[in-house]
Amino acid sequence: MNIRQIHHIAVICSNYATSKRFYVDVLGCSVIEETFRSERNSYKLDLKVGETDVLELFSFPEPPARLSRPEACGLRHLAFAVEDLDEAIAHLHAHDIETEPVRVDELTGKRFTFFQDPDALPLELYEE
């Protein structure tokens, strides 16, 4: 097997309109395609992140809660690369989104911080 790249990342949300607004209006993802799947009573929103990455946002009626803290087993967080961490943090704060204190990666010396999406999914901003 020869895996070439990550094809997409899928996120299930509890409130589709709120999460769509967050990922599009706040984080700046662009909409590729939005589909309502009537047989599942579910939306699927394909979002472009940067130049090539794809994030799929799903809605389902009454999805079960997923533990994310403290350090639950499974996917830990989703990280987004940014050029200017201070500018990105200011943008989030302007949208009333709290961020954790900035940390420095002990291996790379790069700065990063964490915040949450509307469903408390841990997200990271990593300065390149």
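Going by the alpha-carbon gyration tensor, a ≥ b ≥ c the square roots of its eigenvalues, is the range 75-128 rounded (a/c under 1.5) or, if a/c is not under 1.5, prolate (a/b greater than b/c) versus oblate? Because a/c hits 1.5 or more and a/b fails to exceed b/c, the range 75-128 counts as oblate.
Taking the Cα centre of the range 75-128 as the origin, how large is its charge dipole in debye, to the nearest 20, when only Lys and Arg (+1) and Asp and Glu (-1) carry charge on their Cβ atoms?
Details: 4 positive and 14 negative charges, 42 e Å.
Once rounded to the nearest 20, the dipole reads 200 debye.
Shape analysis of the range 1-62 places it in the oblate category; the axes a ≥ b ≥ c from the Cα gyration tensor give an a/c of at least 1.5, with a/b not above b/c.
Helix 85-94 sits at what angle to the longest principal axis of the chain, using alpha carbons and giving 0 to 90 degrees rounded to 10? Roughly 50 degrees, rounded to the nearest 10. Taking R0 as 30 Å, what FRET efficiency do you get between Asn15 and Val102 from their Cβ-Cβ distance, rounded to the nearest 0.05? Here the calculated transfer efficiency is 0.55. Given +1 at the Cβ of Lys and Arg, -1 at the Cβ of Asp and Glu and no other charges, the dipole of the range 1-62 around its Cα centre is 60 debye to the nearest 20.
Using +1 on the beta carbon of Lys and Arg, -1 on that of Asp and Glu, and nothing else charged, what's the dipole of the chain about the Cα centre, debye to 20? Each step should come with its number before you reach the end.
Values: 13 positive and 24 negative charges, 117 e Å.
For the chain, the charge dipole is close to 560 debye.
The 3J(HN,Hα) values that the Karplus relation (6.51, -1.76, 1.60; θ = phi - 60°) gives for the range 122-128 are, in residue order, x, 10, 10, 10, 10, 6, 8 Hz. Gly and Pro appear as x. Electrostatic tally near Phe115: other residues with Cβ closer than 9 Å to its Cβ, Lys and Arg +1, Asp and Glu -1, net -4. A crude spin-label estimate for the pair His77 and Glu34, with each label 7 Å from Cα along the Cβ direction, gives 2.9 nm. Taking a straight Cα-Cα cut-off under 26 Å and skipping sequence neighbours fewer than 8 places away in the same chain, the lysines within cross-link reach of Lys110 are Lys48.
Quick note: the coordinates plus some simple rules give every number you see, no bench work behind them. Nothing here was measured: the structure is a model prediction, and the numbers come from that model. Every residue, glycine among them, receives a Cβ derived from its backbone with ideal geometry; neighbour counts consider all protein chains shown.
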